[in-house]
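The values are calculated or read from the model by the stated rules, or taken from the named source; none is laboratory data. Everything quoted here is computed from the prediction, not taken from an experiment. Glycine gets a Cβ as well: all are built from the backbone with ideal geometry, and neighbour counts include every protein chain shown. Heads up: the accessible areas ignore ligands, DNA and RNA and are worked out on the full protein's heavy atoms, side chains in. Shrake-Rupley method; radii C 1.70, N 1.55, O 1.52, S 1.80 Å.
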Amino acid sequence: MPYPPTVVSLGLAGGQGKSTVALMLGRYLGRLGIPVLFVDCDPQSSLTSFLGVQVQPDTPTLLEVLTQPEEKTKIIDAIASVPDVKLGDRIINNSNLFLIPSDDGLESANYKLASSGLSLFILRNRLQPIVSNFGVAIVDPPPERSHLAQTSLGAGDRWVIPAESNVKGVQSLLRTMELIKEFKPALPYGELMGVVPFRARWTGLHPTNATKTSIDTMQQLVGDELMLPHILESDVFKNAINQRVAPTDLGQPNLEYAIHVLAQRLKPALTEEY
Ligand code: ATP
């Protein structure tokens, strides 16, 4: 039976929009009725807090999933349901969203992964028995070249790179492309779905010079095919994240156009029709 796709939101610098793209793609697919498994592979645990999941002291997190044998920690026990959200007099239903959460203790998994010598494949192997219960898995890795980043990369068969629409974003994109190039020979199933320019700034009808220059440079680096629409710099996005909803829930679906296009690119890889 074919496995559902695992998408990894990659970027080798902080603040590039990895968690935002992972979160909004998952929320978008969840709204379509697709069961989504998020995996928070970053010890900063932004995704866990953006989804409003509280790590409980007596339940396993991704740390135990990655460092303990299946006989000791069943991966299924680490999967949390994402709570619904009350937005004014509406309830935003999150019943399609699930998460393997993390907290800052996840950092210590790096040592265990390093000593295993197989860090590239550990998360993929651990997800394999359960991933077919979902329509898609979405992994949010840390922003540096750690073993956690490697195991995230190896877990994915679809990679997306968000990159801030400025000089730092172009540098992050370059480093991330290098990482992919380095490991691609060991990961023949992995495919880059696209690059999402993040926090693009516009004044009136035009992008600012810094935004235009960086997006043009990204396009030259990856080619037209892999360039996805940008995500605008917008307080609506920030408010949506803080209120644990999506811009669409705040009446601004147009701000999610990049996520819509990304979801369309993913559709052929889904194992069921939604
Ligand atoms: P890190 O590597 O540090 O985890 P990241 O790459 O996951 O960062 P995000 O956490 O997704 O980056 O985003 C960085 C910040 O940008 C967050 O504080 C988020 O609230 C904010 N943000 C998200 N979307 C937008 C937007 N469209 N406009 C402005 N700010 C945004």
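Packing-based ranking of 59-70, 37-48, 248-259, 77-88 yields 37-48, 59-70, 248-259, 77-88, ordered from highest to lowest mean Cβ neighbour count within 10 Å. Here the relative contact order of the chain, from alpha carbon pairs under 8 Å that lie six or more residues apart, stands at 26 percent. Considering only 123, 16, 35, and ranking their Cα positions along the charge dipole of the chain that arises from unit charges at the beta-carbon of Lys, Arg, Asp and Glu, the one farthest toward the positive end is 16. So the label point goes 7 Å from the Cα of residue 191 along Cα→C-beta, right? Which residues of the range 98-128 then have their backbone N under 14 Å from it? Within reach of a label on residue 191, which here means backbone N under 14 Å from a point 7 Å along Cα→Cβ, the range 98-128 contributes nothing.
The orientation-averaged projection of the convex hull spanning the C-alpha atoms of the range 144-274 amounts to 9.5 square nanometres. Mean silhouette area of the range 82-129, derived from the convex hull of its C-alpha atoms and averaged over all directions, reads 5.0 nm².
Ignoring ligands, DNA and RNA, what percent of the 1.4 Å accessible area of the range 195-274 is carbon and sulfur?
49 percent
Taking a straight Cα-Cα cut-off under 20 Å and skipping sequence neighbours fewer than 8 places away in the same chain, the lysines within cross-link reach of residue 212 are 168. An ellipsoid equivalent to the chain, defined through the eigenvalues of its Cα gyration tensor, has semi-axes of 28, 23, 17 Å when rounded to whole angstrom and sorted largest first. Modelled this way, with points 7 Å down the Cα-to-C-beta line, the labels at residue 252 and residue 90 are 1.4 nm from one another. Taking the Cα atoms of the range 75-179, the ratio Rg/Rh between the radius of gyration and the Kirkwood radius comes to 1.02.
Taking θ as phi - 60° and the Karplus parameters 6.51, -1.76 and 1.60, the scalar couplings of the range 194-204 work out to x, 10, 10, x, 10, 6, 5, 9, 10, 10, x Hz in sequence order, x denoting glycine and proline. Would you please give the FRET efficiency between residue 56 and residue 167, computed as 1/(1 + (r/R0)^6) with r the Cβ-Cβ distance and R0 = 35 Å, to the nearest 0.05? Efficiency at R0 = 35 Å is approximately 0.25. Note on the range 5-157: Cα-only Rg and Dmax are 14.5, 52 Å. With all projection directions averaged, the alpha carbon convex hull of the range 1-55 covers 4.8 nm². Only the Cβ atoms of Lys and Arg (+1) and of Asp and Glu (-1) were treated as charged; on that basis the dipole of the range 52-127 about its Cα centre amounts to roughly 240 debye.
How much accessible area per residue does the chain have, in Å², with a 1.4 Å probe?
Numbers: 12270 Å² over 274 residues.
Computed with neighbouring chains in place, this is 45 Å² per residue.
Length gain on complete extension for the stretch residue 234 to residue 174, per 0.36 nm per residue less the alpha carbon to alpha carbon distance? Using 0.36 nm per residue and subtracting the Cα-Cα distance, I get 19.1 nm. For the range 1-23, backbone nitrogen atoms closer than 20 Å to the point 7 Å from residue 181 Cα along Cα-to-C-beta are found at 10-13. Taking the chain as a Gaussian network of alpha-carbon nodes connected by springs under 10 Å, the highest mean-square fluctuation of the residues 25, 148, 232 belongs to 232.
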